[in-house]
Amino acid sequence: MNSFILRACLWIALLLPLTSLTNPFFSLQDEIKLGEQVSQEVEKDPKNRVLDEKKYAAAYGHMRRITDAVLNSGEVRYRKEFPWRVKIIQNDTILNAFCAPGGFIYVYTGIIKYLDDEDQLAGVMAHEIAHADRRHATSNLVKMYGVSALMGIVLGQRSQGQVAQIAQGLLGLNFSRKHEREADDYSVIYLCKTRYQSNGAAGFFGKMLRENKGGGAPEFLSTHPSSSNRVRDINAKAEGLKCSTKPSGGNSYQQFKNSLPK
């Protein structure tokens, strides 16, 4: 029997009754392959205008500098295993960022331009890196679509339409309170070992809450539920770890904004 078919049969036989369980049943290699397949569909969708890396080299340089600082904190569990690819999507009306399994992260120009400083964006990136590093995205996709459907993608046994459906589901992926709390905590843990303000995520969430008080929740908060308690808890985590909460300063963030399309 073909080894791929045998593997698929074994997965289905063992895991079909366990579709409520999550990523412990996916190897890192499987998770990366799933992320690659899904990310290709994200980037093929004409609604997602991914900025060309050559044309916007300066913008990607800023993004990589911020992301690398988080990744090189020494606290990211799968720093060497995941590819950690970050893409910028041109849409100034969407305040959002999201991650696919395996470290494929997408950030909208809307959220970059909305933020006040680099510390806040570092907080957002640390939060998204935590979702990928703690394998939250895969856990949620398993709950939504089941193990057999996701393994079908890994093994190349699903149609492009099915892959596209799952890719679309990433944009509105709702994380549990447990996963959100963990991502918040790890954003502090990661940033504590960098030059950035360790509670940068609190600065971001606080800004969102202040400016949308009494109004409709922005896109990011629809998929990342927030509250004043989260801001409080992020600040408490930074204080408990004795991490710096001083602004990192500098004018490079405005340069980053200026490097984006108008």
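Read-outs: derived from the displayed coordinates by stated rules, not from any lab. Given the structure is predicted, the values throughout are model-derived calculations rather than measurements. Glycine gets a Cβ as well: all are built from the backbone with ideal geometry, and neighbour counts include every protein chain shown.
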Pairs to check: Lys193/Lys242; Lys87/Lys143; Lys55/Lys87. Give those whose C-alpha atoms are more than 18 Å from each other in this structure.
Lys87/Lys143
List the trypsin sites (Lys or Arg not before Pro) in region 29-113 that DSSP assigns to loop (not H, G, I, E or B) and whose Cβ has at most 11 other Cβ atoms within 10 Å. Which are they?
Lys47, Lys54, Lys55, Lys80
Ranked packing of 176-184, 188-196, most packed first, by mean Cβ within 10 Å
188-196, 176-184
Provide Asp52, Asp185, Asp119 in ascending order of the number of other Cβ atoms located within 10 Å of each residue's Cβ, fewest first.
Asp52, Asp185, Asp119
